[in-house]
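Notes to accompany the following structure.
The values are calculated or read from the model by the stated rules, or taken from the named source; none is laboratory data. Here the structure is a predicted model, which means the values were calculated and not measured. Positions of Cβ are generated from backbone atoms using ideal geometry, with glycine treated the same way; all protein chains shown enter the neighbour counts. Only protein heavy atoms, including side chains, enter the accessible area calculation; ligands, DNA and RNA are left aside. Shrake-Rupley method; radii C 1.70, N 1.55, O 1.52, S 1.80 Å.
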Amino acid sequence: MKRVLLPALALFAVLSFWQYYVVAYDVPKFVLPTPTAIWQALVNDMPLWGEAALSTLEVTLLALIAATISGVLFALGFSLSRTFEATLYPFAVVLQVTPVIAVAPLVLIWVGIDNVERAQVIIAWLVAFFPILANMSAGLKSVDANLSELFTLYGATPLQRFRLLLWPTALPYLLASLKISGGLALIGGVVAEFVAGSGTATGLAWRIIEAGNRLQIEKMFAGLMMLSAMGLVIFYGFSAIERLVVRHRT
Amino acid sequence: MLTLRDVSFAYQGGPKILDGFSMDLQENQIVSLLGPSGCGKSTVLRIVADLLVPDAGTVDWREEQNLAFVFQDHALMPWSSVDDNVALPGRLKGMIDQAAVASAIEAVGLDGLAARFPAALSGGQRMRASVARALAAKPSLLLMDEPFAALDEILRFQMNELLLDLRAERGFGVLFVTHSLYEAAYLSDLVLVMGEGRVEGSIAPKLDRALTAEQQRTSPEFLSAVQEIGAVMARETL
């Protein structure tokens, strides 16, 4: 209860002060609109926002699925072969440390000219991949040594070892990384839309750019709200799954 | 049923852990390995279990016999119920014998708790579940690596009784690693005191199992076994 009530109260206090400040000091709406005006902008154009949100969500989820599959497979490869890990891990780090905003234009040129969504998914994948790889690798390495010996003693096949030991051990690590990578994929998708510029993409970021060009600040805030809401849903969605998975373990 | 002769072992690049280690274990015998940390007790268990390959020497062991292993930390799968944990050996061999699983759970006194997860069990119950998992493998030889070391004294006594009862009911040999000379003296048909990678002394306590646990623990046979083991250990640590 506390976990919901306290942030809600804090939000209410901030919004109330914001509303009061803008009205009392007559702040121009192209500088800072009131929360009620933002809400209006959101409600009035709900179908449009919904469509844009779906587009962004699609990119985010596609990138996240690709990042999960590739992250899990590479982590498995790393756990099976030290040589494979030593060869590829530095490149995975390069992916992580190179700012995505600097890479995005290249990706757009290479694959985005005829299909901007494909470029968006790749850019979002670039940022979502590493946390999954790193966490999944750590998860696979955290296997209980005694249990592992027991699997050997009882003649487990490689598939049994993966299904009954490695996967359940690493699953909480994977879910923890999905909470991070979900948000990162969303950021990656938004960055891609920003870089692609107006007229190409149909997602929330493009709506924000469009509103900014027209100085419709309340619409920019409405788009931001949608993005924050999506990020929250992704984060708490994975948190809920995580709680469900680990509920018996502690 | 198990014979080791002149077994030597060293981890890669390390000093010799075992150096000319020999022992025999007869059918249904409990043999304890006792000795200071790092003397190679656990290594012997792992060599018998074929988890480690000795550098020299022979391990004679009939292939058709079943082995089971019990670790000091219970090594249960936290994501599985007691039932599923106990069924693990069968599942890995591709045939779960539900009756054997149920009987193993009952034998360790966990009936009614089969649906629980390890986190919802006490330390003693977890160790019982771990023993049940070993029983479900229908072992002819049970390898136990300081299984009761993390339990308090009362629980340890209870688990000692349980092990003796199970051995009497089901019939299996036990190779038991422990730090406690009292536990070794009470449980074992043969106590092997180890030092520097080999057996330095062996003592065969002759307790009368027809007596109660209390009577056995205060019997002259028990006390003299403790003294004898103590004397060999003292000689080893000098």
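Structural remarks
- Any hit, region A:46-55, residues being within 30 Å of A:Arg161 (Cβ to Cβ) and small (Gly, Ala, Ser): no
- Hits in region A:48-84 (condition: within 22 Å of A:Pro172 (Cβ to Cβ), touching a residue at least 40 places away in the same chain (Cβ under 8 Å) and of a type outside the set (A, V, I, L, M)): A:Thr68, A:Ser70, A:Gly71, A:Phe74, A:Phe78, A:Ser79
- Number of the condition not met by A:Tyr154 [criteria: (1) in contact with a strand residue (DSSP E or B) (Cβ under 9 Å, 6 or more places away or on another chain); (2) at pLDDT 95 or above; (3) of a type outside the set (D, E, K, R)]: (2)
Yes or no, residue by residue, for (1) within 23 Å of A:Gly203 (Cα to Cα); (2) in a helix (DSSP H, G or I); (3) open to solvent by less than 100 Å² (accessible area, probe 1.4 Å):
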residue	(1), (2), (3)
A:Ala8	no, yes, yes
A:Val14	no, yes, yes
A:Gln19	no, yes, yes
A:Val31	no, no, yes
A:Ala37	yes, yes, yes
A:Gln40	yes, yes, yes
A:Val43	yes, yes, yes
A:Ala52	yes, yes, yes
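- Within this structure, B:Ala119 passes the test of being assigned to a helix (DSSP H, G or I), at the interface with another protein chain (Cβ under 9 Å from one of its Cβ atoms) and surrounded by fewer than 18 Cβ atoms within 10 Å (Cβ to Cβ).
- Among the residues making up region B:126-156, a single one is open to solvent by 10 Å² or more (accessible area, probe 1.4 Å) and in a strand (DSSP E or B): B:Asp145.
- Restricted to region B:157-238, the set of helices (runs of 4 or more DSSP H) holding at least 2 residues that are within 26 Å of B:Arg133 (Cβ to Cβ) comprises B:181-187.
- Region B:52-93 - residue that is touching a residue at least 60 places away in the same chain (Cβ under 8 Å) and aromatic (Phe, Trp, Tyr) and, of those, farthest from the other protein chains (Cβ to nearest Cβ): B:Trp61
- B:Ser103 surrounded by fewer than 24 Cβ atoms within 10 Å (Cβ to Cβ), among the hydroxyl-bearing types (Ser, Thr, Tyr) and away from chain A (no Cβ under 14 Å): yes
- In region A:144-175, residue nearest to the other protein chains (Cβ to nearest Cβ) [restricted to those that are within 23 Å of A:Phe238 (Cβ to Cβ) and open to solvent by 30 Å² or more (accessible area, probe 1.4 Å)]: A:Leu171
- Residue count for region A:192-250 satisfying the condition of being touching a residue at least 24 places away in the same chain (Cβ under 8 Å) and not in a helix (DSSP H, G or I): 7.
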